[in-house]
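What follows is a single structure, written as structure tokens, with notes after it.
The values are calculated or read from the model by the stated rules, or taken from the named source; none is laboratory data. Values in this document were obtained by computation on a predicted structure and should not be read as measured data. Here the Cβ is made from the backbone with ideal geometry for all residues, glycine too, and neighbour counts use every protein chain on show. Areas reflect the complete protein model, heavy atoms only, side chains present, ligands, DNA and RNA absent. Shrake-Rupley method; radii C 1.70, N 1.55, O 1.52, S 1.80 Å.
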Amino acid sequence: MAVQTAETAPPAAANPVLGPAFKDALIVGLIALGLFGPLIGFETVIIDGALGLAYRPSLLAIMVGIIFFGRLLLNLTLWSPNRKPSTHTGPTLFDRAGTVMGPGVKPALLAFAVLFPAIAIFSLGGLNESRYLIDLGILILTYVMLGWGLNIVVGLAGLLDLGYVAFYAVGAYTYALLATSAPINDFFAGLFGATFWANWAFWICLPMAGIFAGVWGMILGFPVLRLRGDYLAIVTLAFGEIIRLVLINWVDFTNGGAGIASIPRATFFGIPFNAGPDGFAALFGLPFSPMHRIIFLYFVILALALLTAFVTVRLRRLPVGRAWEALREDEIACRSLGINTTTTKLSAFATGAMFGGFAGCFFAVRAGFVSPESFTFDVSAMILAIVVLGGMGSQIGVAVAAAVMMGGMEMLRNLGFLKQVFGNDFDPSLYRMLIFGFAMVAIMVWKPRGLVSTRDPTIFLKERKAVSGDLVKEGHG
Amino acid sequence: MATSPANGLPRWDADPILIVEHLFMRFGGLIAVNDLSFKVGRGDITALIGPNGAGKTTVFNCITGFYKPSEGRLILAHGRAPTPGEIAEVTRIGERSLVGRNAGVFLLERMPDYRVSGEAKVARTFQNIRLFTGMTVLENLMVAQHNALMAASGYSLKGLFGLPGWTKAQKAATAKAEYWLDKVGLTDRADDPAGDLPYGAQRRLEIARAMCSEPILLCLDEPAAGLNPRESLELNTLLRAIRAEHGTSILLIEHDMSVVMEISDHVVVLDYGTKISDGTPQAVKNDPRVIAAYLGVDEDAVEEVEAELQLDTNPTGAGA
């Protein structure tokens, strides 16, 4: 008995929990009742052609009940005064997981990305069955690449660019316009044969799309060099919209809102993916399948994304990359050290835009159709969200964020099982954005500096120590 | 130290590295710097002092290109003192600089800030420390060598492919950074973020970072602010060593008189944007105008003293 008393004594001696918790939950419940009463308690209905009021007391009771019991539960558990406050201020679970898995996580992710088509085909039991997954993989990798490209501008140089989609559009239209151009086709038909341009257009236009987008990055970069913070964000946002509006309204050149269709498809380095005798399947002795092209596209975008990552990682260790990061930290100090901030900013804009252009070219060849509708502000916002969520400046964080965001958005389309819970009237796809929003808010509360909040130094003398995100500035422009 | 044995002139007159001529800086109706002229001797430690708001930092910002002066000429001389003919020539032809094999004349008022640092080789530190806090100590020193490394990396092309020329340059830059880390006693903290260093160490790192850009003139804006007496003493040693071992001339703004009187060869005193005294520390210390500016006296008393000493004329070289 004595033992039992000793065990129960300390909680009794501590602060009383139940009373205040109940009181607090009651107050919050009453506030919820006051708020939800008019909002949920009443419903406007049409009765005999006239507007009338209906009452929904049960729904109101459920909502207020959820608030009351949820608050009570939180008061008794997480927010309980007796709960030991967490003294842990060091790296979070994700960071520690990163350090533990550190050396292995990148090769593992890379291996998974390379083997992904094979895994999809074998697990789903056939080429055609795996189409959905591989298409999803292509989509995710496109956004990984775009995220890495924007990461140069936003994460490294600290220049908030809300119009990144402009460069994606420039890349896509570069390929679409050049590949469908009759004079160019005729010119090459005279030189190398009728099918040359259709077969090689992608491989010739890919670098050109990057170069054009890079040049556009500089052209758009010039006027905004002196702008910072909010002003830079607004002007870049406007540039993104201007490009889209030009694409819509310059009908002679871009075919306006109707877009450009029948863009030549990607070829296996000149060998088309068709059922003909010169096609990929016939030459490699395989039975023809349209999936060959899809799988090939998957590897093309994987290679492009890896190129982006490789170049970014290398550039970070070069003076130009360090200057970008120094610019993000303190522009005035940069100038006092002889760094030309104009060319440094422009190089960041141009490099980021170039990768956007590559991705755009890939988009055009995959879809076979481009229209201004594909290059709305939503895309810019999505890419920026990926960069911010991943942790600005972090490669692996951005990749994970892209996979989570794009993959997660797709997964939320397939919430059919919820119909069994909520009945057949329930349309889960309507709640997609709501759930998505909740998830983003939750991550930003849990990890305000993104999934990977530490910065990896570019050079070290004795020991590579990650720099805490608290010290790293976000840039002011 | 301050007197050149050759002709009896003080060094700042005999071999100036920086000549400030009739510098004006106006912000709207406010005249922050009013017709300021002074010279900084090559190899000297020159202190720019004055009460708060006297315009010292404005002068610094003009010299380092952060402000465009409203009027005036700022001549920086590489190698040797420029002849009046050379100065007139570069002024007339409208170029930023005139560079020969062993000497060069730079007109700083014509140069943007990054060129003042990159080409004219004037480095500076800031009153409120401006380190790259999220980068490591070593990275801070590597950023300071940006221009040299940029050329060595073939403007990123050679570096992207890791060619040997770039690797070698990177090694040399790291060695230079290590040298300066050792000089300021931060070798153990090389891989820590700069923002994690204590205040005194951040001040020293900022000086090391400025020195990594290989300046011929180092401008320090209140380097001893916020340092304790021991750290101030270490700073004196460091500045003397920089001057002795690298021949870098130093121009500093300082309120801490123990630093100013201890290490400077030449002191220029500003008040309300005009120069009130210029000379050796000893001469400046005893100048009644300086005492009046610092301690404050009745206007009558100042006028009396001025009349007595006939100081209404320019007191340049009063102490020489």
(Q) Let me confirm one metric for peptide B:148-154, namely the mean number of other chain beta-carbon atoms within 10 Å of its residues' beta-carbons. (A) 4
Q) Across region A:283-299, in residue order, what do the Karplus-derived ³J(HN,Hα) couplings come to in whole Hz, using 6.51 cos²θ - 1.76 cosθ + 1.60 with θ = phi - 60° and x for Gly and Pro? A) 5, 9, x, 10, x, 5, 8, x, 5, 4, 5, 4, 5, 4, 4, 4, 6
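Given the peptides B:44-52, B:63-71, arrange them by the average over their residues of other C-beta atoms within 10 Å, most packed first.
For the peptides B:44-52, B:63-71, the packing ranking is B:44-52, B:63-71.
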Q. Taking R0 as 22 Å, what's the FRET efficiency between B:Glu95 and B:Leu9 from their Cβ-Cβ distance, rounded to 0.05?
A. 0.15
(Q) What lysines does A:Lys462 reach when the alpha-carbon gap must be under 17 Å and sequence neighbours fewer than 8 apart in one chain are set aside? (A) B:Lys171, B:Lys176
(Q) Starting from the 7 Å offset along Cα-to-Cβ, what nm value, one decimal, do you get for the label separation of A:Ala189 and A:Arg228? (A) 5.7 nm
Q) Other chains' Cβ within 10 Å of B:116-123 residues: what's the mean? A) 3
Q: Report, ordered by chain and residue number, the lysines lying within cross-link reach of B:Lys68, taken as a straight Cα distance under 22 Å and ignoring same-chain residues fewer than 8 apart.
A: B:Lys39, B:Lys56, B:Lys121, B:Lys275
Q) Can you list the residues of region A:279-320 whose accessible area drops by at least 50 Å² going from the chain on its own to the full set of protein chains, with a 1.4 Å probe? A) A:Arg314, A:Leu318, A:Pro319
**Q.** region B:76-141: Cα Rg divided by the 2.2 N^0.38 Å rule of thumb
**A.** 1.45
Q.
So if I average 1/r over every pair of distinct C-alpha atoms in region A:17-76 and take the inverse, what Kirkwood radius in Å does that give?
A. 12.6 Å
**Q.** Å³ per residue enclosed by the Cα convex hull of the protein assembly as shown
**A.** 309 Å³
Q. Going by accessible area, probe 1.4 Å, with all protein chains left in place, what is the ranking of A:Met291, B:Met257, A:Met218, largest first?
A. A:Met218, B:Met257, A:Met291
**Q.** Largest to smallest accessible area among B:Tyr114, A:Tyr143, A:Tyr231 [probe 1.4 Å]
**A.** A:Tyr231, B:Tyr114, A:Tyr143
Q) Under the Kirkwood approximation for Rh and a Cα-based Rg, what ratio Rg/Rh is obtained for region B:1-142? A) 0.99
(Q) Taking the square root of 5 times each eigenvalue of the Cα gyration tensor, what semi-axes in Å does the equivalent ellipsoid of region A:126-223 have, largest first? (A) 29, 23, 9
Q | Most to least packed among B:176-184, B:277-285 [average Cβ atoms within 10 Å] | A | B:277-285, B:176-184
Q: Determine, from the Cβ-Cβ distance of B:Leu233 and A:Arg314 and an R0 of 41 Å, the FRET efficiency 1/(1 + (r/R0)^6), rounded to the nearest 0.05.
A: 0.40
Q. What are the radius of gyration and Dmax of chain A, computed over its Cα atoms and given in Å?
A. 27.7, 102
**Q.** Helix-derived mean residue ellipticity, 222 nm - over chain B, DSSP H n ≥ 4, -39500 (n - 2.57), to 500
**A.** -11500 deg cm²/dmol
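Taking N as the number of residues in region B:132-214, what value does Rg over Cα atoms divided by 2.2 N^0.38 Å take?
Compactness ratio reported: 1.11.
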Q: State the answer as a single residue: which of B:Trp12, B:Tyr67, B:Phe38 lies farthest towards the positive end of the charge dipole of the protein assembly as shown, with beta carbon charges of +1 for Lys and Arg and -1 for Asp and Glu, about the Cα centre.
A: B:Tyr67
Q | Diffusion coefficient, µm² s⁻¹, Stokes-Einstein with Kirkwood Rh over alpha-carbon pairs of chain B at 20 °C and 1.002 mPa s | A | 103 µm²/s
